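The values are calculated or read from the model by the stated rules, or taken from the named source; none is laboratory data. Bear in mind the structure is a predicted one, so any value in this text is a computation, not a measurement. Here Cβ is always computed from backbone atoms with ideal geometry, including for glycine, and neighbour counts include all displayed protein chains.
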Amino acid sequence: MSSGTPKPQVDTSKPHPARVYDWLLGGKDNYPVDVAVGEQLPEVVKRSARQNREFMHRASAYLARKGVDQFLDIGTGIPTAPNLHQIVQEINPKARIVYTDNDPIVLRHAEALLYSTPEGRTDYIQADVREPKAILERAGSLLDFERPVGLSLIALMHFIPDSDGPTNPYDIVRTLLDALAPGSYLMLSHATADYHRELEAPVTNAYARGGIPLRPRTWAEVERFFGGLELVKPPGLVSVDRWWVPGGAVPPEEPGGPAAVYGGVARVLTR
Ligand SMILES: C[S@@+](CC[C@H](N)C(=O)[O-])C[C@H]1O[C@@H](n2cnc3c(N)ncnc32)[C@H](O)[C@@H]1O
C-alpha cells in the first residue's frame with residue numbers, strides 16, 4: 001500500500017467488527033452503529049478485549065525473542081499502540097511485518113502501521129482471510145516463506161462461521177499453515193463461551209442484530225486450529241489472561257473469572 005492511496009469509503013450505516021472492537025478498547029475510531037452493539041455487550045467482553053490485546057503483546061514478544069523476524073498478521077484491527085510491529089521491532093529492529101484486514105477503516109488508518117524502523121519493513125494488504133492464497137501471494141513480496149514466519153490470527157476466526165465449502169475456517173487456517181516453513185509459529189486467539197455459557201446467546205445476538213456473525217467455539221473446537229502443530233506448553237491453549245510467556249511471570253488473576261477468549265502459540269513442525 002502506498003501512503004498516497006485515496007482514502008477508502010467507510011460504511012457507517014452498519015456496525016463492523018474492527019470498530020466495535022475499537023470501542024471495546026476505548027478507542028475513538030467508531031460510529032454510533034458500533035457503539036450500539038458495544039453497549040449491549042456484557043462487561044466481560046470489554047475486559048476480554050483488553051486481555052486479548054495484552055495476550056498479543058506477550059505472544060508476539062515471545063516469538064520475536066525466539067528469533068522469529070517476519071510476521072503475517074491477519075485481522076489486524078484499527079491501529080492501537082503498541083501494534084505488533086512496534087513490539088517485535090523493539091526486540092529486533094530488522095523484523096518485517098505484513099498486516100492484513102478486510103475492513104476499509106483499517107485501510108484508512110493503515111499509515112500508522114507503516115511507520116517501521118528504518119532497518120525493518122511493514123506493509124498492509126487489504127484482503128479477506130477467506131482468500132488465503134491471495135494473501136500468501138501478496139505477502140510473499142515482503143516475507144520469505146522459505147524461512148520461519150509468525151502467523152498471527154488474533155481474535156479473527158470467530159468471525160468465520162462453520163461451513164463445508166471453501167470458506168471452512170479450518171481449511172482456511174490449514175492453507176495458511178501449509179505455506180509456512182518448519183520453525184514457523186501460529187499465534188491464535190478466539191472467542192469462547194466455555195466460561196460464560198449464559199452470555200453466549202446475548203453476545204452472539206447483539207452481534208447478529210448488527211449483521212455480524214460471531215461463532216464462539218469451545219476449547220476442543222479452538223484446539224483443532226492447532227492440529228499437527230506443537231503447542232507451546234505450558235501454558236498451552238488457555239484463556240488469554242492465563243497465557244504466560246514460558247519462563248516469564250504468570251499474569252495476576254483478575255476478578256470476574258477467565259477471559260472469554262482462548263489463546264495459544266504453536267510451532268510448525270513440517271510443511
Ligand atoms: C476483534 S478484531 C481483532 C484485532 C486484532 N487482531 C487484535 O486482536 O487486537 C477482528 C479483526 O478481524 C477483521 N476481520 C473480520 N473478518 C475478517 C475477514 N474475513 N478477513 C480479514 N479480516 C477480517 C476485522 O475487520 C477486525 O479488524
* Asked: Has the range 50-60 got any residue that is exposed (fewer than 15 other Cβ atoms within 10 Å of the Cβ), over 19 Å from Tyr99 (Cα atoms), at pLDDT 95 or above and not basic (Lys, Arg)?
  -> no
* Those residues that are of a type in the set (Asp, Glu) and either over 14 Å from the mean Cα position of the chain (by Cα) or surrounded by fewer than 23 Cβ atoms within 10 Å (Cβ to Cβ) (or both), I need them from the range 15-32; list them, please. => Asp29
* To do: Would you mind stating whether Arg130 is touching a strand residue (DSSP E or B) at 6+ places or on another chain (Cβ under 8 Å) and of a type in the set (D, E, K, R)?
  => no
* To do: Return the pairs, sorted by first residue and then second, in which the second residue is of a type in the set (Ser, Thr, Tyr) and surrounded by fewer than 20 Cβ atoms within 10 Å (Cβ to Cβ), the first residue lies in the range 44-60 and is within 16 Å of Pro235 (Cα to Cα) and touching a residue at least 60 places away in the same chain (Cβ under 8 Å), the beta carbons are less than 6 Å apart, and the residues are 6+ apart or on different chains.
  => none
* Asked: Out of the range 233-251, which residues are in contact (Cβ under 8 Å) with a residue 40 or more places away in the chain and either in contact with a strand residue (DSSP E or B) (Cβ under 8 Å, 6 or more places away or on another chain) or of a type in the set (Gly, Ala, Ser) (or both)?
  -> Ser239, Val240, Trp243, Gly248
* **Qualifying residue in the range 193-202 (condition: within 15 Å of the ligand (Cβ to nearest atom) and in contact with a helix residue (DSSP H, G or I) (Cβ under 7 Å, 6 or more places away or on another chain))** => no
* If we scan the range 32-40, do we find a residue that is closer than 15 Å to Asn83 by Cβ and within 12 Å of the ligand (Cβ to nearest atom)? -> no
* Asked: Which of (1) within 13 Å of the ligand (Cβ to nearest atom); (2) touching a residue at least 60 places away in the same chain (Cβ under 8 Å); (3) within 19 Å of Gly264 (Cα to Cα) does Leu180 not meet, given it meets every other one?
  -> (1)
* To do: State which residue is surrounded by the fewest Cβ atoms within 10 Å (Cβ to Cβ) when the search covers only the range 66-88 and only residues that are polar (S, T, N, Q) and touching a helix residue (DSSP H, G or I) at 6+ places or on another chain (Cβ under 8 Å).
  => Thr80
* **Top-ranked residue of the range 233-250 - restricted to ones that are touching a helix residue (DSSP H, G or I) at 6+ places or on another chain (Cβ under 6 Å) and either assigned to a loop (DSSP other than H, G, I, E, B) or acidic (Asp, Glu) (or both), ranked as surrounded by the most Cβ atoms within 10 Å (Cβ to Cβ)** => Trp243
